[in-house]
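The values are calculated or read from the model by the stated rules, or taken from the named source; none is laboratory data. These numbers come from a predicted model, not from an experiment. Heads up, the Cβs are rebuilt from the backbone with ideal geometry, glycines too, and the neighbour counts pull from every protein chain shown.
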Amino acid sequence: MDAVIENLPLYLQGFRTTLELTLISAAIALVWGTVLGAFRVSPVAPLRWLGTAYVELVRNTPLTLVFIFFVFVAPQLGITVDFFVSAVCALSVYTAAFVCEAVRSGVNSVGVGQAEAARAVGLTFTQTLQAIVLPQALRSVIPPLINIFIALTKNSSVAGGFFVAELFGVGKQLAPANPSDVVAVLVGVAAFYLAITIPAGLLAGQVERRVAFAR
Amino acid sequence: MSSVLYDAPGPRARRRELLLSAVAGVILLAVLFVMYRQLDSREQWAAERWQVFTEPPLSQNAADVWRSLLVTGLVATLRAAAVAAVIAAVVGVVLAFARMARPGWIRVPVIAVIEFFRGLPVVLLMFFGVIALGLPLFWGVVFGLVLYNGAIIAEILRAGIVSLPKGQTEAAYAIGLSRTQTLFTILLPQAVRRMLPSLVSQLVVLNKDTSLGFIIGYAELLRRLQLNTQFFGQRYWFQFFVVGAAIYIAVNFTLSRLAVWLERRGSAKAAGGIPHAEDVEVQAAAPTETATGL
């Protein structure tokens, strides 16, 4: 237990890094994933192919391999960046594929009749999208998105294996240094993760219940 | 292509789509070309770089390289995944059963355990197994995978059981089956069938997660890639990365297709004979569970 209390500043530092990693990657993944999702429902065939290819490739690749690309392979291709930046790239690239799928199924979950009715009353494409389709799609997209960001929080731990001193990295460094306190050290790390994931999970459940409406 | 967003296109819309497609196609090809040139300028396409897989330098032969990747590496990955999948399935069934037990003193702690393991990174669990419990690396990897996936499988099975019509349980009780018998002979088989697509998707996630063993030092496929680049030189990283990614994608893609096929087969069957009012609900709930996929 002493090891945890003594190293509390280190934990907090790691927690901060985890939060930074998660939030920055989440923002980038949200934008890039939404763009890809738009590609996948667009009438332009090459864009649809791009979206599909991206999702299929990235979803079947382990996150660790994506990290390997940005940390070990990229320097061979003449791209050298900070480890933190590599981690953000890897997490965003990986998470975007899942965001894309959530967005796509959200848009597809809106009943065809909704858009048809909108066109029948004479709304333009933009109006249909803004007033009818997107508000409904958004409702069904939010719960899976929260789950994706919970997964992202946990996934950010992979960065700890690639030279970023986030929560798992801190645990990985402290555990061998305090052989008698290994369990306490790692439970401390776990507590910080749970402090994010459990409340977020409850939030997701709540939102899901609230958003679920008769369709 | 029919979609919520637009009607079947008329002649003008079709012309516009064609034009946009052409423009997008050209831009896409241009981007790919720039990437190709960038790689070319670093001599990544040079035959010599790829000969590491056919006539490797440093007096190795091709068979050694492939053996280290496919036999030692891929087999280590698949072995960990297979062992973990079997144990996780058993753990999942036990947890699902305990999660639905009537006495609160069983149910509540089990809910806590499931939520606990679901909320933790798998790599942390693996690391705990190795460094705190002193497990060998292989079992450390399996330990982490089992705890996490066991909790997820329990939730999938529970969702499947909850989605079954009440009449199933009632009929089982009516013919005198006990609660345990009802669960194992009536509810579980139906739930497994219903949730098969989600379960297979979870298998893909589990297979991908074996790669986390790389971080704790288990000598699986990715570690083999790294060892090869350490032996032949860092400049071969791109080539080994491409081959490693291809292997992983091939394995997981096959599993994913299996999930899609099972889903089609399942829904075709439901449409054909056994109508369930809840089917719609299950299908709406299942993707959210799995789409997250780690």
The number of residues in the range B:67-94 that are surrounded by 15 or more Cβ atoms within 10 Å (Cβ to Cβ), among the hydrophobic types (A, V, I, L, M, F, W, C) and under 16 Å from residue B:240 (Cα atoms) is 2
Can we say residue A:74 is crowded, with 16+ Cβ neighbours inside 10 Å and either among the small types (Gly, Ala, Ser) or at pLDDT below 90 (or both)? yes
Note: among B:76, B:80, B:88, just one is among the hydrophobic types (A, V, I, L, M, F, W, C), closer than 20 Å to residue B:197 by Cβ and touching a residue at least 40 places away in the same chain (Cβ under 8 Å), namely B:88
Restricting to the range A:77-104, name every residue that is surrounded by fewer than 19 Cβ atoms within 10 Å (Cβ to Cβ) and at the interface with chain B (Cβ under 7 Å from one of its Cβ atoms). A:77, A:78
Take residue B:189 and decide whether it is part of a helix (DSSP H, G or I) and buried (at least 22 other Cβ atoms within 10 Å of the Cβ). no
(1) of a type outside the set (A, V, I, L, M, F, W, C); (2) in a loop (DSSP other than H, G, I, E, B); (3) modelled with pLDDT under 85 all hold for residue B:176 apart from (3)
A careful count of residues in the range A:74-119 that are without any contact (Cβ under 8 Å) to a residue 24 or more places away in the chain, under 24 Å from residue A:40 (Cα atoms) and not aliphatic (A, V, I, L, M) gives 5
Going through the range A:158-204 in order, the residues found to be touching an Asp or Glu at 6+ places or on another chain (Cβ under 6 Å) and at the interface with chain B (Cβ under 8 Å from one of its Cβ atoms) are A:160
Residue in the range B:190-211 that is over 21 Å from the mean Cα position of the chain (by Cα) and not small (Gly, Ala, Ser) present: yes
Being more than 7 Å from every other protein chain (Cβ to nearest Cβ) and either without any contact (Cβ under 8 Å) to a residue 24 or more places away in the chain or outside any helix (DSSP H, G or I) (or both) is the filter; apply it to the range B:198-238 and report the residue that is nearest to residue B:48 (Cα to Cα). B:233
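Matching residues to (1) over 19 Å from residue B:178 (Cα atoms); (2) small (Gly, Ala, Ser); (3) out of contact with any strand residue (DSSP E or B) (no Cβ under 7 Å at 6 or more places or on another chain):
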| site | (1), (2), (3) |
| --- | --- |
| B:75 | yes, no, yes |
| B:79 | yes, no, yes |
| B:85 | yes, yes, yes |
| B:93 | no, no, yes |
| B:97 | no, no, yes |
| B:101 | no, yes, yes |
| B:112 | yes, yes, yes |
Only residues that are within 9 Å of chain B (Cβ to nearest Cβ) and either part of a helix (DSSP H, G or I) or surrounded by fewer than 19 Cβ atoms within 10 Å (Cβ to Cβ) (or both): list them for the range A:52-65, please. A:56, A:57, A:59, A:63, A:64, A:65
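Conditions tested, residue by residue: (1) surrounded by 12 or more Cβ atoms within 10 Å (Cβ to Cβ); (2) modelled with pLDDT of 75 or more; (3) more than 14 Å from chain A (Cβ to nearest Cβ).
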position	(1), (2), (3)
B:1	no, no, no
B:6	yes, no, no
B:17	yes, yes, no
B:32	no, yes, no
B:36	yes, yes, no
B:52	yes, no, no
B:59	no, no, yes
B:62	yes, no, yes
B:65	yes, no, yes
Out of B:151, B:112, I need the residue that is at pLDDT 90 or above, within 14 Å of chain A (Cβ to nearest Cβ) and within 21 Å of residue A:190 (Cβ to Cβ). Which one? B:151
Those residues that are surrounded by 15 or more Cβ atoms within 10 Å (Cβ to Cβ) and aliphatic (A, V, I, L, M), I need them from the range A:159-182; list them, please. A:159, A:164, A:165, A:167, A:170, A:174, A:175, A:182
Are any residues in the range B:157-168 buried (at least 24 other Cβ atoms within 10 Å of the Cβ) and of a type in the set (A, V, I, L, M, F, W, C), and if so, which ones? B:157
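Can you spot a residue in the range A:106-114 that is at pLDDT below 90, within 23 Å of the chain's Cα centre (by Cα), surrounded by 21 or more Cβ atoms within 10 Å (Cβ to Cβ) and within 30 Å of residue A:136 (Cβ to Cβ)?
Yes, the conditions are met somewhere in the range A:106-114.
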Is the range A:141-157 home to any residue that is over 18 Å from residue A:201 (Cβ atoms) and either more than 10 Å from chain B (Cβ to nearest Cβ) or part of a helix (DSSP H, G or I) (or both)? no
